[in-house]
Amino acid sequence: MSSATFDKADFTPDVLICVDQSGTIDRVISVADKDYQSVKQAAINNSTYIHISEGSYLLPGFTDLHIHAPQWSQAGLALDKPLNEWLNTYTFPLEAKFRDLAFAQRVYQSLVAELLANGTTTGLYFGSIHTEANLVLAKICASLGQRAFIGKVAMDNPDQTPEYYRDNDSKEALEETEKFVQKMIQLKQSSQAEITAVITPRFVPSCSDETLSGLGKLAQKYDLPIQSHCSESIWEDQYAKDRFNMHDAEVLDKFGLLTDKSIMAHGTQLSDSDLKLFHNKKTTIAHCPISNIYFGNSVTRVKKAHQQQVNVGLGTDISGGFSPSIYRNMQQAIMSSQILTDSGDRNARITAANAFYLATVGGAKALHVKTGLIKPGYQADFQIVKDQYFDISSNDPQEIFERLVYHTNKENIKQVYVSGKLVHSIGENDNGK
Ligand SMILES: O=c1[nH]c(=O)c2nc[nH]c2[nH]1
């Protein structure tokens, strides 16, 4: 199953999906094609054939567009305060601990394994301010086989960050960011892993003007993705207006931080004109529907953004969001859009097919990776998912699809592949049958 369009998921039974040595989908052969049997037999003979049994389905892996890696041990805790109090009370003290690399190793190993087990084959991560701990995360993603985009968090504004957890000044924020970028380039070359550095101003309140501007220039110099938060709560939206007399999105743009490689989390407060700016800049929104319930003060207008041709993907926002599962976030995205509809935005409701598109195609477009679809030329990022209600429910393809969106949990995700490589497995494939 994969997205045909924003509104429709495709279901293709009885196909052979051929993956080449580099982990790219080479051909998708239908049972009606004349070489179906011979290609299948050749794969059985050389032991590369994997059969997906009745009641299980092959789906593209998911992209999680917003993960705060150092907050993993806090997931499901401490969600009782508004954003700025939450940051100062719980989150900055926790992130400050990542100067301890042994602690970073333990937490990051657990997080990346958990995300893979939940079907997330590509992750876009905020690290902490610590260059070395962020490299620990990169090495773990490389060794566990997840495609990863990772940012050293830059935050130097003494008015909005505590002394114990900030870059000392703009010079340090920019130098450490550049050092991280260069070390990631070296690590990518030596490991051949799919890892990329991301320019990461935490958000406008945390950063001085010099840092915002310097980071915009670094993104341009190295042609890198950018991630931050934008208009994520009433407080944060108002902060930009008070400091710059501009919308948050306009501030980010002024500093060169809205590009076609930018992914801005949340956007609950984005106005129509902000969406127009996102469209013009080809910037993506990382929609984090669980987190928005706690911090967003509103529901992100996904349907409106889509209508204004703004790309949208999904994020768990660990730990503003408590769940590492993109399935759980697809469900919440649909439920939250119903609340928006009930509040008077009549066209706001999104469907299961829409949510699945965000989790697959939307995320892949944001990061300019060829994943999210099961088509020749795309990376073989797959999850094999068992429909736990196959025996007792309708087996109409559309209903199977909706059931998978609503009921899949990590126990049902049997195998996960990134670029054709098995990165997670529970249970057996019935190879050769
Ligand atoms: O959900 C969020 N989590 C964070 O860590 C953060 N920092 C700034 N803004 C944020 N929002």
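Some notes on this structure:
- Residue order, fewest to most beta carbons within 10 Å, for LYS139, LYS152, LYS241: LYS241, LYS139, LYS152
- Within the chain, the percentage of alpha carbon pairs spaced more than 29 angstrom apart rounds to 43%.
- Full extension of the chain between ALA32 and THR12 yields a length gain of 6.0 nm, computed as 0.36 nm times the residue separation minus the alpha carbon distance.
- Crossing angle, helix 209-222 versus the chain [Cα axis fit, 0-90 degrees, rounded to tens]: 40
- Pairwise label distance in nanometres, ASP242 with GLN21, each label 7 Å out on the Cα-Cβ vector: 6.1
- Each Lys or Arg adds one and each Asp or Glu takes one away; over the other residues whose Cβ falls under 14 Å from the Cβ of ASP242, this sums to -3.
- Each peptide in 83-93, 376-386, 162-172, 353-363 gets a packing score, the mean of other Cβ atoms within 10 Å over its residues, and the list from highest to lowest is 353-363, 376-386, 83-93, 162-172.
- Computed over the range 101-197, the range of Cα coordinates on each principal axis works out to 40, 26, 22 Å, biggest value leading.
- Cα shape, the range 320-398, gyration tensor, a/c 1.5 rule: oblate
- Distance from the Cα centroid of the range 346-366 to that of the range 391-418 is 17 Å (rounded to whole angstrom).
- Cα-centred dipole magnitude for the range 1-104, charges only on beta-carbon of K, R (+1) and D, E (-1), debye, nearest 20: 180
- In Å, descending, principal axis extents of the Cα set of the range 270-375: 38, 32, 24
- Distance-filtered residues of the range 100-115 - backbone nitrogen under 14 Å, label point 7 angstrom along LYS139 Cα→Cβ: 100-109
- Sequence-separation-based contact order of the chain, relative, with Cα cut under 8 Å and 6+ spacing, percent: 22
- Taking amide H as placed 1.01 Å from N in the peptide plane, ALA154 has its amide H under 5 Å from the amide H of THR200, ARG202, each at least 5 places away in sequence or on another chain.
- Rounded to the nearest 10 degrees, the angle from helix 36-45 to the longest Cα principal axis of the chain is 80 degrees.
- Stretch gain in nm, segment LYS221-THR89, where the contour uses 0.36 nm per residue and the Cα spacing is subtracted: 43.9 nm
- With θ taken as phi - 60° and the Karplus curve 6.51 cos²θ - 1.76 cosθ + 1.60 applied, the whole-hertz 3J(HN,Hα) list for the range 343-359 is 8, x, 8, 4, 9, 7, 5, 10, 9, 4, 5, 4, 5, 5, 4, 4, 5 Hz, x standing for glycine and proline.
- Label zone (GLU411, point 7 Å along Cα-to-C-beta; backbone nitrogen cut-off 19 Å) within the range 320-362: 323-329.
- Relative to the longest principal axis of the Cα atoms of the chain, the long axis of helix 272-281 makes an angle of roughly 70 degrees.
- Distance from the alpha carbon centroid of the range 110-180 to that of the range 267-317 works out to 23 angstrom.
- Among LEU94, THR120, ALA75 - extreme Cα towards positive end, dipole of the range 62-367, charges at beta-carbon: THR120
- Mean residue ellipticity, 222 nm, helices only, the chain: the sum of -39500 (n - 2.57) across DSSP H runs of n ≥ 4, divided by residue count and rounded to 500, is -11500 deg cm²/dmol.
- Dipole check for the range 218-350: with +1 at the C-beta of Lys and Arg, -1 at the C-beta of Asp and Glu, and the Cα centre as origin, the magnitude is about 340 Debye.
Every number here is computed from the coordinates shown, using simple stated rules; none is lab data. What you see is a predicted model; the values in this text were computed from it and never measured. Here Cβ is always computed from backbone atoms with ideal geometry, including for glycine, and neighbour counts include all displayed protein chains.
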